[in-house]
1. Consider A:Ala6 carefully, then state whether it is assigned to a loop (DSSP other than H, G, I, E, B) and under 15 Å from the mean Cα position of the chain (by Cα).
2. Of (1) within 18 Å of the chain's Cα centre (by Cα); (2) crowded, with 22+ Cβ neighbours inside 10 Å; (3) in a loop (DSSP other than H, G, I, E, B), A:Tyr82 satisfies all except one. Which?
3. Assuming D:Tyr58 fulfils every condition listed in (1) within 12 Å of chain A (Cβ to nearest Cβ); (2) modelled with pLDDT of 95 or more; (3) surrounded by fewer than 23 Cβ atoms within 10 Å (Cβ to Cβ) apart from one, which condition is it?
4. Looking at (1) closer than 30 Å to C:Arg122 by Cβ; (2) open to solvent by less than 20 Å² (accessible area, probe 1.4 Å), can you tell me which one C:Ala243 breaks?
5. Which of the residues belonging to the range D:133-180 are part of a helix (DSSP H, G or I), among the charged types (D, E, K, R) and touching a residue at least 24 places away in the same chain (Cβ under 8 Å)?
6. In the range A:1-49, which residues are within 19 Å of A:Gly113 (Cα to Cα), free of Cβ contacts under 8 Å to residues at least 12 places away in the same chain and not basic (Lys, Arg)?
7. What number of residues within the range B:26-55 are in a helix (DSSP H, G or I) and more than 7 Å from every other protein chain (Cβ to nearest Cβ)?
8. Need pairs with beta-carbon distance below 9 Å; first residue without any contact (Cβ under 8 Å) to a residue 12 or more places away in the chain and within the range D:65-89, second crowded, with 24+ Cβ neighbours inside 10 Å and of a type in the set (Phe, Trp, Tyr); sequence gap 6+ or separate chains.
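The values are calculated or read from the model by the stated rules, or taken from the named source; none is laboratory data. Keep in mind that this is a model prediction, so the values were computed, not measured. Neighbour counts run over all protein chains shown; Cβ positions are idealised from the backbone, glycine included. Accessible surface areas use protein heavy atoms only, side chains included; no ligands, DNA or RNA. Shrake-Rupley method; radii C 1.70, N 1.55, O 1.52, S 1.80 Å.
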Protein chains: 4
Amino acid sequence: MCRWIAYRGETIPLEQYVTAPAHSLVVQSVKALESTASTNGDGFGLGWYGEHPEPGLYREVRPAWSDENLRYLCRHIHSHLYFAHVRASTGTPVTRPNCHPFVCGRWMFMHNGLVGNWTRMRRQVESLIPDEYYGSRVGTTDSEAVFLAILGAGGDKDPVGATIKVLSTLTEMVSASGSREPLRFTAALANGRDLYAFRYAANDNANTLYYRESAGNVVVVSEPLDSEHAHWKPVPPGHMLTARESKPVSLAPFLDAQRVAAE
Amino acid sequence: MCRWIAYRGETIPLEQYVTAPAHSLVVQSVKALESTASTNGDGFGLGWYGEHPEPGLYREVRPAWSDENLRYLCRHIHSHLYFAHVRASTGTPVTRPNCHPFVCGRWMFMHNGLVGNWTRMRRQVESLIPDEYYGSRVGTTDSEAVFLAILGAGGDKDPVGATIKVLSTLTEMVSASGSREPLRFTAALANGRDLYAFRYAANDNANTLYYRESAGNVVVVSEPLDSEHAHWKPVPPGHMLTARESKPVSLAPFLDAQRVAAE
Amino acid sequence: MCRWIAYRGETIPLEQYVTAPAHSLVVQSVKALESTASTNGDGFGLGWYGEHPEPGLYREVRPAWSDENLRYLCRHIHSHLYFAHVRASTGTPVTRPNCHPFVCGRWMFMHNGLVGNWTRMRRQVESLIPDEYYGSRVGTTDSEAVFLAILGAGGDKDPVGATIKVLSTLTEMVSASGSREPLRFTAALANGRDLYAFRYAANDNANTLYYRESAGNVVVVSEPLDSEHAHWKPVPPGHMLTARESKPVSLAPFLDAQRVAAE
Amino acid sequence: MCRWIAYRGETIPLEQYVTAPAHSLVVQSVKALESTASTNGDGFGLGWYGEHPEPGLYREVRPAWSDENLRYLCRHIHSHLYFAHVRASTGTPVTRPNCHPFVCGRWMFMHNGLVGNWTRMRRQVESLIPDEYYGSRVGTTDSEAVFLAILGAGGDKDPVGATIKVLSTLTEMVSASGSREPLRFTAALANGRDLYAFRYAANDNANTLYYRESAGNVVVVSEPLDSEHAHWKPVPPGHMLTARESKPVSLAPFLDAQRVAAE
């Protein structure tokens, strides 16, 4: 189980949430509290939007806690929308292309969770990626495959609709087998302007997700960055958070409600 | 274009061919002579057979020339059958799982070449890997895909037949497109007892391959390891070399002749 | 606080103690039990003696738990005398030359502990290294400096005497300051035939050290490798263990007793 | 022999000189033209000033040519004063702390050259570093030692005077031995506002250094970044270039002239 944070708001240095807080993401890389994997030392990544449509990216296979580059970059890079992720591998190799976030054009994605038994599911999930996006698959994780499947399902035009469509298909896939394999999807998606965060699971409990909002800035996190728990509100299971440019943050049911509505 | 060596014979320390010769593989990583890529600094790998059926493996993303571990391992590890490879990436990321050699069970494989326009061909080639071998795909290279396709085509029982079958299919694939994309396959395959080396190309010239035999030991190389060129015999294009346990080294036509025979 | 194991006995594969046991050293890299640093993810190293007088060495900055090379090497390399170490840095950078074990000629050394406030002590300790050994200082750790100081004090001819001499000097150094800085030295030293292990501290409690002996083989460890605690005997604080070729393992007071005797 | 570039002027993205030009620094990492070491693949580094007094830093042991992080960072980071360096080690290990540039407080330094026989000279040169700066020595290179010696000689207040003082001492050191060992010092020094570049050698020819100035911006390079050689002026051997804030770029004799004047 990985740990991540996503920020959208006024332009700030990345360090404000990645390295500075008492229980910062880098501290969580050594010792996470609300996770089955207490150590998240299987690589990490930063992605941020600046003046270009496509984001910047820094990914590394070493643990975040001992990476001196990370500290310099978080201090010197500013952004209005950025992701940071510390990885606890669920089986795929520790390589840079397997570290989150993943980028494709102006889109960026990161994930905490898993898609069933990946060795068994992989081929099926990869078949959801259309040819035009398959060349962007540079790693071997379930997370990257889901991201490219979302883009392939029309994510660029309708990110929420495409995510619903792909997760709905994945839910069917993991449930089709008699073993009802777990699907856990706690993820963030952004395009440089808008931020979407999802907390969903099938055949299992959803991984934790919290957010904090103030003065139009929002930060979404796997677990609170400090002990002021009152400031951190949970995103309920089966819900998504939307933080669009110049719009208030909103929560809405994700997938479950839609599926119920459709039945 | 990568550089590699494969050895089969009496048990020797790996250093005898990897680091010690005047134009050793490590020297070739800095400056290859018979290659379009003069530097082979995109990672490297060692694979060797010892007392277990499956080989040992050491792969690293740093250049071979500055890896102090490599020097220690080559000095201290002995083997009767080993591979070493320095990589010049043709586009796929520099990660350990993308470094050669590749292993699967008791089989080991390495490659110098490319399969057409990989971004375009990848999906087709991956479809040649049966499900039972797809879980062994931990990287994203064309080379690993070809290896697993060979095993999937029955390589464990008939390595030469399976290699012919897969390369024949690949030749059709790269030739099917109007652009007649190049396929270059200069590769080594082993199972702990027997060594096979192939020099083949379609729509292009075959990459160089040489061998040297003495007292029942054979070493096969991308380019000679010393200036005594008279000792190094070329494997002709469209040919394969076989060095089976307790059998003399033999050369035979590969694919071209068979295809002619079949027409 | 690091974790390590040292083995001397009949030739065995390294995996027997490094990766195979329930609470193997690699498991301890994720979660040590008797340590203030629960994670030992700041690099690791293997050193082993084979047919050469000088040992082989494999050191890497990534955590041991995700290093696939480590697993292959431990399975394929055999030795009658080897060290393995997982590191939790006390401040010096995570680089290969700062990973243990350290080697110099036929000697090998590893350490769990610290020498006072290293930033302040460093220059004094480095001044203990004679010029002829200073060229062997490739890293910046206190541990490597202590090792080279021991060799410089005549360690090659009288390893125990030289270690006593250097640790005695270090004890004076850390105690000279009014702040009485801690010195913790739980270390192993070997020359290809004999193994010495030390458990000592000044101004602090000594780090844990255990050993297990059977049929002439001895393994010395920071903490037991399995739950059969009865098999693991502690090396008492202020003691050293000696395992010389063809001699029974023996324990003797280290430094404290000698100093008392000398007063 | 390493390759480097230093820039001072209006704020620009780092990519303008590091990755974009035809013969960019990254291209030089694969194939330098005016260097005895054609490949500079032993790590690299970026250092840049932004809104903080102290610079940002990104250093990595992998070759620059295959580092995808480098490309992202150069595209997304802007600076008015930055350094970039690709390394060809002259013997010290390939570790991040041994990669250039080096930083200490608000000062940044990088170097192409060597200080005599480093194994023999090291202790003498390190003795030039005062205690207050010795804690900043995190690597083992001659370059870092010279940098800290310059700061220790009062570089913060009088950078040129301190550099003259240290290089004068080093010249005496390398010349003292009968063997007259070479000293080559082609280096850049900056404090966030001012840039100094030096081209000097004793007992050898000075490494190449060029600069290009336009509209108040200056870029100083080991070798020209494009084939328009007319735009690139050499810094003459035994000279230094000064680019102070709001001042025109100036060249002045370095050391030789001063020493002559003093005699």
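1. When the stated conditions are applied, A:Ala6 does not pass them.
2. Of the numbered conditions (1) within 18 Å of the chain's Cα centre (by Cα); (2) crowded, with 22+ Cβ neighbours inside 10 Å; (3) in a loop (DSSP other than H, G, I, E, B), the odd one out for A:Tyr82 is (3).
3. Going through (1) within 12 Å of chain A (Cβ to nearest Cβ); (2) modelled with pLDDT of 95 or more; (3) surrounded by fewer than 23 Cβ atoms within 10 Å (Cβ to Cβ) one by one, D:Tyr58 breaks only (3).
4. The number of the failed condition is (1).
5. First, pick out the residues of the range D:133-180 that are part of a helix (DSSP H, G or I): D:133-134, D:142-155, D:159-176.
Among the residues that remain, those that are also among the charged types (D, E, K, R) are: D:142, D:144, D:165, D:172.
Of everything in the range D:133-180, those that are part of a helix (DSSP H, G or I), among the charged types (D, E, K, R) and touching a residue at least 24 places away in the same chain (Cβ under 8 Å) turn out to be D:Asp142, D:Glu144.
6. A:Ser38 - this is the single residue of the range A:1-49 that is within 19 Å of A:Gly113 (Cα to Cα), free of Cβ contacts under 8 Å to residues at least 12 places away in the same chain and not basic (Lys, Arg).
7. 4
8. Partner pairs satisfying both residue conditions: D:Asn69/A:Tyr58; D:Asn69/D:Tyr58; D:Tyr72/A:Tyr58.
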